[in-house]
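What follows is one structure encoded as structure tokens, with my remarks underneath.
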């Protein structure tokens, strides 16, 4: 039986295996009971996923390790946030995306403009960081490559409209705890 999340997307399947045929499960009342159990599991799933969003937001706002100039997470805070999301991804089978945003020779005003733009353009459960050396990163929890590409394009268009040239790559969140994503580079990523 399919299990669906709050958007109606398939999250998983409720199934059971028995080495012997079970004709008793084909009765209408048994099927109805199984469907009720599946709906109950779906309700619990939706409740737990909503709790994950709240947990992310709370962790982000309570994280004290921040860059003093931009107010975004710094490298240490970013690493803790990534580790928390990795644990959630492993526990629930969720995938997340990371946008790596890189500029060159940004002055203080441009750096703050990028930080403000990132904060304004992401969802409430997404998290942004300034990692130093004109490198920013955005965690997009429960996201797909195609959605991350849309966020990337919207972000780069907004920065371009403000006269700031940036590079940006989207990649899945690496699952090794205690590690940063691979290093940011200014080569090979989309530029607007």
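Readers should treat all values here as calculations from the given coordinates under stated rules, not as data from a laboratory. Quick caveat, the model's predicted, so the values are computed rather than measured. Counting neighbours? That spans all protein chains shown, and the Cβs are built from the backbone with ideal geometry, glycine included.
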Practice task
Starting from the Cα-Cα distance between residue 144 and residue 10, subtract it from 0.36 nm times their residue separation and give me the gain in nm to one decimal.
Solution key: 46.8 nm
Problem - Separation in nanometres of the label points that stand 7 Å from Cα toward Cβ, at residue 17 and residue 92 - result: 2.7
Handout entry: Using alpha-carbon coordinates, inclination of helix 75-92 to the longest axis of the chain, degrees
Key = 10
Problem - Taking 168, 147 and counting other C-beta atoms within 10 Å, the order from fewest to most - result: 147, 168
Practice task
Over region 57-172, consider all pairs of different Cα atoms and compute the Kirkwood hydrodynamic radius from their mean reciprocal separation; express it in Å, one decimal.
Solution key: 14.2
Practice task
Could I have the simple spin-label model distance between residue 54 and residue 1, label points 7 Å from Cα toward Cβ, reported in nm to one decimal?
Solution key: 2.7
Completion exercise
Given 157-167, 133-143, 29-39, the highest-first ranking by average Cβ count within 10 Å works out to 133-143, 157-167, 29-39
Practice task
Could you compute the FRET efficiency for residue 41 and residue 80, with r as their C-beta to C-beta distance and R0 at 41 Å, rounded to 0.05?
Solution key: 0.85
Completion exercise
From DSSP H assignment alone, runs of 4+ in the chain each adding -39500 (n - 2.57), the sum over residues rounded to the nearest 500 puts [θ] at 222 nm at -15000 deg cm²/dmol
Practice task
Any chance you could give the angle, 0 to 90 degrees and rounded to 10, that helix 108-121 forms with the longest Cα principal axis of the chain?
Solution key: 20
Problem - Nearest 10 degrees, 0 to 90: helix 28-62 Cα axis against the chain principal axis - result: 20
Fill in the blank from the handout: Neighbour-count ranking for 130, 92 (other C-beta within 10 angstrom, fewest to most) reads 92, 130
Problem - Order of 97, 127 under a 10 Å beta carbon neighbour criterion, fewest first - result: 97, 127
Completion exercise
Restricting to Cα pairs under 8 Å and 6 or more apart, the percent relative contact order of the chain works out to 20
